[in-house]
Amino acid sequence: MRTIKLNIFCICLLTTLFSCKRNNNDEKKVFNINLDQNLTSLDPAFARNQNAIWMINQIFNGLVQVDKNLNTMPCIAKTWQVAEDGLSYTFNLRNDVFFQDDALFKNGKGRKVTAQDFAYSFYRLIDPKVASSGGWIFSDKVKDASSFVALNDSTFQIKLVKPFPAFINLLTAQYCSVVPKEVVEHYGKDFRNHPVGTGPFKFKYWKEDEVLVLLKNENYFEKDSAGKQMPFLDAVKATFINDKQSAFMNFLKKDLDFFYSVDGSYRDDILTKSGNMTTKYKGKFQLIKGPYLCTEYVGILVDPDKDIVKNSPLRFKKVRQAINYAIDRKKLIKYLRNSIGTPATSGFIPKGMPGFDSTKVKGYDYNPRLAAKLLAEAGYPNGKGIPEIKLSTSTTYRDLIEFIQGELGNLGMKVKVDVSPSASLRDLMSKNEVVFFRGSWIADYPDGENYLSVFYSKNKVPFGPNYTGYFNKEFDKLFEQSYYENDAKKRFELYQKMDNMVLEHASVVPILYDQSVVMLQNNISGYNINPLSLMILKGVKKENKLN
């Protein structure tokens, strides 16, 4: 009943919004999606989860943006220059970008974006009064507000305290969107549900947990490759059905134009074990797969100063290497995930990341014989004498971890699976209070440095993500050296060397590089999947007729 009422409400709302604007025979093109969890905020300063990032990306823009191949491209900044010492970035802004209309602007018309707007927006991320979850973007890279300089209305400069070659990629994050000071300061914390940006769609309505409506920004500045003004959709409507099975049924009924991810409850219905669409659905909708910058892994705490490590058999490198060789990743992906994902046999940095090269980084293929040999060399032939090991996971990944439990059992190792809520497990990991655990690392920006930072000594917990307690002076030296290497090819070579060092030490067991799976109705075109799994709707087109 709630779904019926909600749909009637949305139809009435959209009909009212679009009335009298065009000929009645010209149907409006509304892109219907479902978000299975509620939005936390529409304020870019709090773009900390996928749903928020997706919607914020429709309403706002930044200096730069990524294309479908993760190349950093101009956006509001048409060009930029990097100082020879890598300590300053100067951006030349477009002069045709305007904030969306709002009553707080003169005559209700959106004003032009200037360099001062970026200075305000970026300092806001590190302003302790705001407490942005995106503070890490700039916190260790700039000094204070003086690091963001408006040289004039169309020239913006950022001054860094140390070089960071991945910085231009970092600026593609949705945290770095430009916001208007007068609107933000008027609404304060309520800017989260009264967003005003420059993006292809403008905010219209949000009833939390029920519906979100965005309308076409008629004054948007970007055009497609043919010179046509974007966006092509009239509106975006998001519902919030948290039951994935129910939401998928809505997609099958064509109430939704887009569906993301294939959940375990209906995975076998859609995909064969080889990852192809089943005969049942072939031709009924589009299914697109592509690399997703996410590495699923099992972490092993190796910090010798921790009491829980001192008596653990995992303190021995050969035991850790044996674990790496004992897991049949191909089998796991085929039978548990219907071939969604790629075996993580080429490092911690995932497939799809610029610089990824499976010939340069050699991980662990399935080799049970070598695994048994290494375990015996560690003093545990056929697992004899090895104490029971606890492997911690969250409920969502229980099947994956139980598969690994079985593989290690074949090696003679006794493994107990400990299931706890995701938040509880993350808390234990952030305090180095768990020895053997499932984890995943999703890219914040398209550069391998983001993954290697997990093993940098200065990122030890609780202030950083070094959950395995891996400390290596040679690794740290190479990591810091990469900050001063502007040549991308040479920097990638440093990344590959560091990745190999981490693999050899085996404090982490990479399991798979994830893939995005997107389903679209057959009348949708122009949706480009990308390895960041970023939703980009400005180029999407929808035909009125759906077979």
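Miscellaneous remarks
- Cross-linked pairs K143/K181; K317/K362; K318/K490: Cα-Cα separations exceed 23 Å for K318/K490.
- The chain - mean residue ellipticity at 222 nm from DSSP helices (-39,500 (n - 2.57) per run, n ≥ 4, rounded to 500): -8000 deg cm²/dmol
- Nonlocal amide H pairs with I389, under 5 Å, H built at 1.01 Å: K414, V415, K416
- Angle in degrees between helix 398-410 and the longest Cα principal axis of the chain, rounded to the nearest 10: 20 degrees
- The range 165-239 and the range 242-287 have Cα centres spaced 29 Å apart.
- Divide the volume of the convex hull around the Cα atoms of the range 183-304 by the residue count and you get 249 Å³ per residue.
- Hz values of 3J(HN,Hα) by residue in the range 190-200 - Karplus curve (6.51, -1.76, 1.60), Gly and Pro given as x: 6, 4, 4, 10, 9, x, 10, x, 10, x, x
- Each principal axis of the Cα cloud of the range 291-514 was taken in turn, and the coordinate range along them, longest first, works out to 50, 40, 36 Å.
- Taking Cα centre as origin and charging only the Cβ of basic (Lys, Arg, +1) and acidic (Asp, Glu, -1) residues, the dipole magnitude of the chain rounds to 1060 debye.
- Amide proton proximity set for V66, modelled H, under 5 Å, gap of 5+: M73
- Cα extents for the range 144-244 along the principal axes, largest to smallest and rounded to whole angstrom: 46, 40, 32.
- 5 Å binning of all Cα-Cα separations within the range 270-325, expressed as whole percents from 0 upward: 4, 14, 15, 11, 9, 8, 8, 9, 9, 8, 5, 1
- Each peptide among 298-305, 482-489 gets the average number of other Cβ atoms lying within 10 Å of its residues, and from highest to lowest they stand as 298-305, 482-489.
- For the chain, the alpha carbon positions stretch 79, 59, 39 Å along the principal axes, listed from largest to smallest.
- Scoring 165-178, 198-211 by mean Cβ neighbours within 10 Å over their residues and listing the highest first yields 165-178, 198-211.
- Mean Cβ count within 10 Å, highest first, over the residues of peptides 94-101, 445-452, 517-524, 246-253: 445-452, 517-524, 94-101, 246-253
- Taking the C-alpha atoms of the range 334-401, convex hull volume expressed per residue in Å³: 147 Å³
- In degrees, nearest ten, helix 317-326 long axis to first principal axis of the chain (Cα): 70 degrees
- Considering only P343, V502, Q229, and ranking their Cα positions along the charge dipole of the chain that arises from unit charges at the beta-carbon of Lys, Arg, Asp and Glu, the one farthest toward the positive end is P343.
- Unsatisfied cross-links (Cα-Cα over 22 Å) in the set K458/K497; K351/K390; K334/K542; K28/K112; K289/K351; K109/K202: K351/K390; K334/K542; K28/K112
- Potential extension, L428-Q50 segment - 0.36 nm per residue separation minus Cα distance: 133.7 nm
- Rounded if a/c under 1.5, otherwise prolate or oblate - the range 49-107, Cα gyration tensor axes: oblate
- Mean silhouette area of the range 89-136, derived from the convex hull of its C-alpha atoms and averaged over all directions, reads 4.7 nm².
- Crossing angle, helix 115-126 versus the chain [Cα axis fit, 0-90 degrees, rounded to tens]: 40 degrees
Just so you know, all these numbers are worked out from the coordinates, no wet-lab data involved. Not measured: the values here are computed from a predicted model. In this analysis, Cβ positions are derived from the backbone assuming ideal geometry, glycine residues included, and neighbour counts consider all displayed protein chains.
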